[in-house]
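What follows is a single structure, written as structure tokens, with notes after it.
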Amino acid sequence: MSALRIILGDQLAADIAALDDLDPATDIVLMMEVMDETTYVPHHKQKIVLVLAAMRHFAAELRQRGVTVDYITLDDPENTGSLTTELQRAIARHRPDRLVVTEAGEWRVQEMVNGWHKLTGLPVEIREDRRFFASRARFADWARGRKTWRMEFFYRELRREHGILMEQGQPAGGEWNFDAENRKPLPARTRPPDRRRFPPDDVTRAVMALVGQRFGGNFGALDDFGWPVTRQDALFALRDFIEAGLPQFGDYQDAMKAGAPFLFHALLAPALNLGLLSPREVCQGAEAAWRAGAAPLNAVEGFVRQILGWREYVHGFYWHMMPGYEDSNVLQATRPLPAFYWTGETPMRCLREAVGSTARYAYAHHIQRLMITGNFALLAGIAPRQIERWYLAVYADAYEWVEMPNTLGMAVFADGGQMASKPYAASGAYINRMSDFCAGCRYDVKQKTGPDACPFNYLYWAFLIRQKDRLAQNPRLAMPYRNLAGWSAERQAETLAEAEGFLDGLGEASTAFL
Ligand SMILES: Cc1cc2nc3c(=O)[nH]c(=O)nc-3n(C[C@H](O)[C@H](O)[C@H](O)COP(=O)(O)OP(=O)(O)OC[C@H]3O[C@@H](n4cnc5c(N)ncnc54)[C@H](O)[C@@H]3O)c2cc1C
Ligand code: SF4
């Protein structure tokens, strides 16, 4: 019985389920670079390079282990451009008895995989993706029968279940959450550490040339490509983070600094989402640093919560909510995405910085995504699907299962609170407190109205006024709505008009991008 074992582009782990019980004498691994996957959103050039280069390195590692790999490159003249048609060609070449594949990471691809049995007439074994702490079924069990699904409670269950940061059945340090000690602004004199980057080798350079040629018009630069594309480099990146970033990760998790996009962040999501690192080894590495006295508990717990908490939660949430979640638009937001999301050309320095680092590195850290580009999209009423496709396109770590709940649920509150308990709406004061952006901005963060006022200020109030019927009852927004109750009708109308005037003056992104 020969098996054709399909490894998708984000399944690059040696212990991925599809490779279990592989018999090198009879089985073949199929890996496919196809146009459909590189174009379904207009990906940042670095993201395409990252995935293809990591796939090529992974294929080479399998071959070194004696595995036969049938690898279809993007520029193969026979390449038909889709996973399904390439699978059909491979079946004609190898005549396998069965197909083995691991669950796909995105709904769209899973639907494709679900159709393979009917299409090919072969038995198709779809195996569970074990790279998560919690299976899709585990999340569904947890969610069933609960009115609200708050990450914090799911996280605590997983901590207990997997014994991470636990001592005699209790959370290490006596608390589940040390956020009260975290999230400080960065002192002006604190210099963020230099972070390890990974210069491209010959294999990666060949992919860069291909991407430059085929996707030269896509968003983003290639020059600063420095993501790990092998398991070994991903392990180096993990070590670099634990030594250089982790000790101060908690303190400055929400801080932003001009010209310093990485700060103390892990820079590990691209490797994690491809399968080059497992979330378990990353959490265990962080815990070991705390036990060895190399990082404080507030930092380590804060970091573990991002992975064992948020990452697992959004994964389960995505699969529980799909299909249909992609159309969420409870706030009925319809404004087109402004052009500056692609060009970075805006006098608003915070947005310029966030889009600038996104273009240069295919990276911006969580608070830039949530409180700068996301907050602006929320306040401006950008159509959720447009901003969602933007996030999916521009980040090296972007895959729908993790990006979509973060965008629709967290950043723009399009699901009306299924994921977050309130919209993450903030005025310029928050950005000023957490960054040094405002000092060099053309706008004045202290002014609330007028041509020099920070647009986040009047956009914030205009958002609350516009969404009053939907949001005023939210207990977490009681304070701003109490404040708003003291505003005259005239002042509210002026604020709405000022916000509309500003938003109408923004250029609209070319639809060619979306
Ligand atoms: C609008 C929006 C879109 C996002 N899109 C993506 C995406 O496409 N892919 C992606 O991996 N993350 C996404 N995130 C979550 C988060 O911003 C990134 O995981 C993080 O910035 C990656 O950088 P890092 O590795 O330096 O992470 P760190 O900030 O150092 O965090 C450590 C790790 O925790 C995990 N993590 C942290 N926050 C989250 C979260 N909210 N959801 C899931 N995992 C989390 C990641 O694996 C990350 O590597 C998004 C967040 C927002 C607000
Ligand atoms: S003043 Fe407003 S627009 Fe300018 S950087 Fe600060 S928050 Fe951003």
**OP:** Please tell me which of these pairs span more than 28 angstrom C-alpha to C-alpha: LYS47/LYS257; LYS147/LYS468; LYS45/LYS184; LYS47/LYS468; LYS184/LYS448; LYS257/LYS468?
**Re:** LYS45/LYS184; LYS47/LYS468; LYS257/LYS468
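Explain nothing, just the number: dipole magnitude of the range 14-126 about its Cα centre with +1 on each Lys and Arg Cβ and -1 on each Asp and Glu Cβ, in debye rounded to the nearest 20. If you can, show how the numbers build up before the last one.
Numbers: 11 positive and 19 negative charges, 50 e Å.
The dipole magnitude comes to about 240 debye.
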Original post:
Residues with amide H under 5 Å of ASP444's amide H, sequence separation 5 or more or different chain, H placed in the peptide plane at 1.01 Å from N; which?
Top reply: ALA453, CYS454
Original post:
So how do 399-412, 81-94 stack up, highest first, on mean other-Cβ count within 10 Å?
Top reply: 399-412, 81-94
Original post:
Which whole-Hz couplings ³J(HN,Hα) result when phi for each residue of the range 387-404 is put into the Karplus expression 6.51 cos²θ - 1.76 cosθ + 1.60, θ = phi - 60°, listed in order with x for Gly and Pro?
Top reply: 6, 5, 5, 5, 4, 5, 7, 9, 9, 4, 9, 7, 9, 4, 4, 9, 6, 5
Subject >> Pairwise label distance in nanometres, GLU243 with THR343, each label 7 Å out on the Cα-Cβ vector >> reply: 4.4
Original post:
Tell me, what is the 1.4 Å probe accessible area of TYR395, in Å² to the nearest 10?
Top reply: 0
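Assuming R0 = 35 Å, can you tell me the calculated FRET efficiency for the pair ARG156 and ALA188, based on Cβ-Cβ distance, to the nearest 0.05? Intermediate values should be presented prior to the final figure.
Values: r = 37 Å, r/R0 = 1.05.
Result of the calculation: an efficiency of 0.45.
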**OP:** Evaluate the distance, in nm, between pseudo-label points positioned 7 Å from the Cα of ALA485 and of ALA260 along their respective Cα→Cβ axes.
**Re:** 4.3
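For the chain, what is the relative contact order in percent, using Cα pairs closer than 8 Å and at least 6 residues apart in sequence? Mind showing how you got there, number by number?
Numbers: 811 pairs, mean separation 84.7, N = 514.
The value is 16 percent.
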Subject >> Whole-Hz ³J(HN,Hα) from phi, Karplus 6.51 cos²θ - 1.76 cosθ + 1.60, for the range 284-295, glycine and proline x >> reply: 5, x, 5, 4, 4, 5, 5, 5, 8, x, 8, 8
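Looking at the range 250-383, I'd like the Rg to Rh ratio, where Rg is from alpha-carbon atoms and Rh is Kirkwood's inverse mean 1/r.
Working: Rg = 17.2 Å, Rh = 17.0 Å.
On the Cα set of the range 250-383, Rg over Rh gives 1.01.
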Subject >> Two-site FRET efficiency, ASP223 against ARG93, from Cβ-Cβ distance with R₀ of 41 Å, rounded to 0.05 >> reply: 0.60
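Tell me, what is the percent relative contact order of the range 196-255, built from C-alpha pairs under 8 Å that lie six or more residues apart? Working shown, then result.
Details: 20 pairs, mean separation 26.8, N = 60.
It comes to 45 percent, rounded to a whole number.
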Subject >> Amide hydrogen neighbours beyond the local backbone of LYS184, cut-off 5 Å, H modeled >> reply: TYR252, GLN253, ASP254
Original post:
Over the chain, one equal point on each Cα, no solvent: what is log10 I(q)/I(0) by the Debye formula at q = 0.09 Å⁻¹?
Top reply: -0.67
Subject >> Estimated dipole of the range 201-254 in Debye, rounded to 20 [Cβ of Lys and Arg +1, of Asp and Glu -1, Cα centre] >> reply: 320
Original post:
Under the rule of -39500 (n - 2.57) per DSSP H run of 4 or more residues, summed and divided by the residues of the chain, what mean residue ellipticity at 222 nm is obtained, to the nearest 500 deg cm²/dmol?
Top reply: -12000 deg cm²/dmol
**OP:** Take the alpha-carbon centre of the range 369-403, take the same for the range 198-269, and report the distance between them in whole Å.
**Re:** 20
Subject >> Built amide H within the under 5 Å cut-off of ARG5, gap 5+ >> reply: ILE28, VAL29, LEU30, VAL100
**OP:** Please turn the phi angles of the range 349-363 into ³J(HN,Hα) values with the Karplus equation 6.51 cos²θ - 1.76 cosθ + 1.60 (θ = phi - 60°), one per residue in order, whole Hz, x for glycine and proline.
**Re:** 5, 4, 6, 4, 5, 5, 5, x, 6, 5, 5, 6, 10, 6, 8
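The values are calculated or read from the model by the stated rules, or taken from the named source; none is laboratory data. Since the structure is predicted, the reported quantities are computational estimates derived from the model, not experimental observations. With ideal geometry, Cβ positions are generated from the backbone for all residues, glycine too; neighbour counts draw on all protein chains shown. For the accessible areas, the whole protein counts, side chains as well, though only heavy atoms, and no ligand, DNA or RNA atoms are used. Shrake-Rupley method; radii C 1.70, N 1.55, O 1.52, S 1.80 Å.
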